[in-house]
Structures are given as C-alpha cells and as structure tokens.
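Data block below; observations after.
Just so you know, all these numbers are worked out from the coordinates, no wet-lab data involved. Note that the coordinates shown come from a computational prediction; the quantities given were computed from them, not determined experimentally. Positions of Cβ are backbone-derived with ideal geometry, glycine not excepted, and every protein chain shown enters the neighbour counts.
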Amino acid sequence: MPYESIAELPDPVKSALPKSAQRIYLGAFNAAWKEYSDSNDREARAHKVAWAAVKNKYVKNDGKWVKR
C-alpha cells in the first residue's frame, strides 16, 4: 500500500517528523514498496527503509527530529 501523500502516512510518523522529513519517508517507503514486491514482509521492510532514509538526514534531539 504505497502512500499517495504525506497526509496518508501513519499517525506516529506524521506526529513525530517535520514535513520535510515526512516527504523523505514517503519517497523512501514508496520506492522500497516497489523494490520488495516479492517479499513476504514487504510493508515492514518498506517502513524500515523509510526510517533509515529519514535518519540519514535527521537526528532526534531532545525528543524532536532535526536536520543533521
């Protein structure tokens, strides 16, 4: 289930991340969703890839995600 927009992202993602990080998450999730189309754990893998993409550009500081 790829996401059409950031409004469709899971609530924990939307509430935790700034908009620019949400766009990174969305793009990475959708790309991983395509790449792992034959995987049994497709959705879980796509979420892991998306979080990893966010963590490349953002770091959690005092409970908030900020750019590196």
Point to revise | In degrees, nearest ten, helix 19-35 long axis to first principal axis of the chain (Cα) | key: 20 degrees
Review point. What residue among Val49, Tyr36, Val66 has its Cα farthest toward the positive end of the dipole of the range 29-68, where the charges are +1 on Lys, Arg and -1 on Asp, Glu, each on the Cβ?
Key: Val66
Check your understanding: Say we join alpha carbon atoms closer than 10 Å with springs in a Gaussian network model of the chain; which of Asn56, Asn40, Asn30 then has the biggest fluctuation?
Key -> Asn40
**Study point:** Mean projection area, nm², convex hull over Cα of the chain
**Key:** 4.3 nm²
Review point. Name the GluC sites (Glu not before Pro) in the chain that are in a loop by DSSP and that have at most 14 other C-beta atoms within 10 Å, would you?
Key: Glu4
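Local charge sum around Trp33 (other residues, Cβ-Cβ under 15 Å, Lys/Arg +1, Asp/Glu -1)? Display every interim value, and only then the final one.
On the way: positive: Lys34, Arg42, Arg45, Lys48; negative: Glu4, Glu8, Glu35, Asp38, Asp41, Glu43.
Spelling it out: positives minus negatives among the neighbours equals -2.
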Revision key, fill the gap. In degrees rounded to 10, the 0-90 angle between helix 42-57 Cα long axis and the longest Cα principal axis of the chain is 30 degrees
